[in-house]
Each structure stands twice: as C-alpha cells, then as structure tokens.
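J.: To start, I am sharing the structure in question, which I have written as structure tokens.
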Amino acid sequence: MTILVNDILSEQNENKDNIKKSKEVICPNCKGNARIKFENYKIKLYECENNHIYKDIQLNEFNKLQSIDESQIICDNCKTNNKSETFNKQFYICNTCNIKLCPMCKSKHDINHYIIDYELKNYFCKFHNGQKYTSYCKNCKLNICFSCSEKHDGHEIIYYQKIYLRKKKK
C-alpha cells in the first residue's frame with residue numbers, strides 16, 4: 001500500500017515539473033497569445049488567434065489560467081517526444097512548415113527551412129522568416145513585422161517601442 005501511495009505522489013511531483021507559468025498573456029483554452037483587459041476589478045482575456053473570450057476572471061484565478069503543461073507540447077513530426085522530456089526542455093518550431101520539432105526531428109528537418117527556438121515563436125514573423133514583430137494590427141488582430149506592414153496600409157496599427165532606462169547623472 002505504501003508503495004502505491006509513493007508512486008502516486010512521485011507521479012504528481014513529475015507532473016508539477018511539466019507545468020510552467022507563461023511569459024506572455026495566453027488564452028486558457030488554446031494557449032495562444034491573448035489580449036488582457038481589466039474591467040470592474042475582474043480580468044477579461046480576448047482576441048487570441050481562435051477568438052476565445054474569457055470574462056469575469058478573478059485576480060486569484062488568473063495565475064492558474066496562465067500555466068502551460070510542457071508535456072502537451074508534442075513534436076508534430078515523430079508524434080512521441082514532448083517538450084518536458086527533452087534535454088534542457090529544448091524544443092523548436094519550423095516557421096516554414098509551422099510545425100513543432102523535438103531536437104531529434106530538427107536535426108533531420110530540411111536545412112533550408114527557418115527553424116527557431118519554440119520559446120521565441122511569438123516574436124518572429126511566420127511569413128517573413130527572421131524578422132521580428134514590430135507592431136500589432138488592430139483591424140486584423142495580428143502581430144506584424146516591417147515587411148507585413150504594406151499589407152495593412154490604412155489599418156489601425158500599434159507600434160512597439162523599446163524603452164531604454166538611463167542612469168541618472170550624479
């Protein structure tokens with residue numbers, strides 16, 4: 001009986017190691033980037049790529065909804081390896097094919113494709129490989145790079161700005 005309990009506790013601890021807090025605001029359903037709004041002391045998550053909407057989230061519930069189970073990030077090529085099992089939890093995404101790749105499958109993947117670290121997938125344009133997102137199109141609800149901006153002429157664009165902090169002179 002004790003062995004069974006220890007196995008269950010061990011399994012629960014392993015599952016906790018697979019859970020991490022997202023660095024970006026994400027949709028609790030599809031785990032894609034989402035916008036956040038505060039209304040009447042509650043949180044609203046909206047405008048993810050699948051248009052899910054979550055309203056009236058209590059502040060103490062928000063953190064639970066921002067967790068990612070890395071064991072659910074599975075290689076689209078071999079369909080067996082997941083992010084939580086790889087060395088240093090390293091995983092990739094092919095921007096050309098738009099598929100997730102484990103390190104083994106990445107080494108066999110087309111070298112002419114643009115492959116990036118999975119953790120950086122929300123920072124690089126899917127259409128213009130290597131270009132970082134520079135703005136957000138409110139009409140299309142998309143992050144866009146400099147090259148994408150031509151297709152969004154006349155749209156309402158929010159431009160990202162880098163903030164530099166300077167030390168005060170003494």
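Here, each number is a calculation from the coordinates, and none is a lab measurement. Model, not experiment: these values are computed from the prediction. Cβ coordinates were reconstructed from backbone atoms using ideal geometry, including for glycine residues, and neighbour counts include every protein chain displayed.
J.: Would you please give the residues with an amide H less than 5 Å from that of Gly32, counting only those at least 5 places away or on a separate chain, with H modeled from the backbone geometry?
T.: Those lying under 5 Å, H to H, from Gly32 are Cys27.
J.: Additional query: Can you give the helix-only mean residue ellipticity at 222 nm for the chain, where every DSSP H stretch with n ≥ 4 adds -39500 (n - 2.57) and the sum goes over all residues, rounded to the nearest 500 deg cm²/dmol?
T.: So the calculated ellipticity at 222 nm is -5000 deg cm²/dmol.
J.: Mind jotting down a quarter of the surface of the convex hull over the alpha carbons of region 20-68, in square nanometres, one decimal?
T.: Mean projected area of the Cα convex hull: 3.0 nm².
J.: Here's a follow-up. Which distance in nm do the two modelled labels at Ile116 and Gln90 give, with both placed 7 Å along the Cα-to-Cβ direction?
T.: Placing both labels 7 Å along Cα→Cβ, they lie 1.9 nm apart.
J.: List, in order, the whole-Hz ³J(HN,Hα) value for each residue of region 139-155 obtained from phi through the Karplus relation with A = 6.51, B = -1.76, C = 1.60 and θ = phi - 60°; use x for Gly and Pro.
T.: With the stated coefficients, region 139-155 comes to 5, 8, 6, 9, 6, 9, 9, 4, 5, 6, 4, 4, 6, 10, 4, x, 7 Hz.
J.: What is the ratio of the Cα radius of gyration of the chain to 2.2 N^0.38 Å, with N the residue count, to two decimals?
T.: Working it through for the chain, the quotient is 1.27.
J.: So how tilted is helix 2-18 from the main axis of the chain? Cα-based, degrees 0 to 90, rounded to 10.
T.: That helix lies at roughly 10 degrees to the long axis.
J.: List Ile36, Ile43 from most exposed to least, where exposure is judged by having the fewest other Cβ atoms within 10 Å.
T.: Ile36, Ile43
J.: Loop only per DSSP, at most 10 neighbouring Cβ atoms within 10 Å: give me the chymotrypsin sites (Phe, Trp or Tyr not before Pro) in region 39-118, ordered by residue number.
T.: Counting only loop positions with at most 10 other Cβ atoms within 10 Å, the chymotrypsin sites (Phe, Trp or Tyr not before Pro) in region 39-118 are Tyr41.
J.: Right, another one. With the Cα gyration tensor of region 113-166 giving a ≥ b ≥ c as the square roots of its eigenvalues, does the rule (a/c under 1.5 for rounded; else a/b larger than b/c for prolate; else oblate) give rounded, prolate or oblate?
T.: Verdict is oblate for region 113-166.
J.: What's the longest bit of the chain with no exposed GluC sites (Glu not before Pro), using DSSP loop states and at most 15 other Cβ atoms within 10 Å as the test?
T.: Longest site-free region, per DSSP loop and neighbour criteria: 50-155.
J.: Continuing with the same structure: With respect to the cross-link table entries Lys79/Lys108; Lys23/Lys151; Lys23/Lys64; Lys100/Lys151; Lys21/Lys64, which display a Cα-Cα separation exceeding 18 Å?
T.: Result: Lys23/Lys151; Lys100/Lys151 exceed 18 Å.
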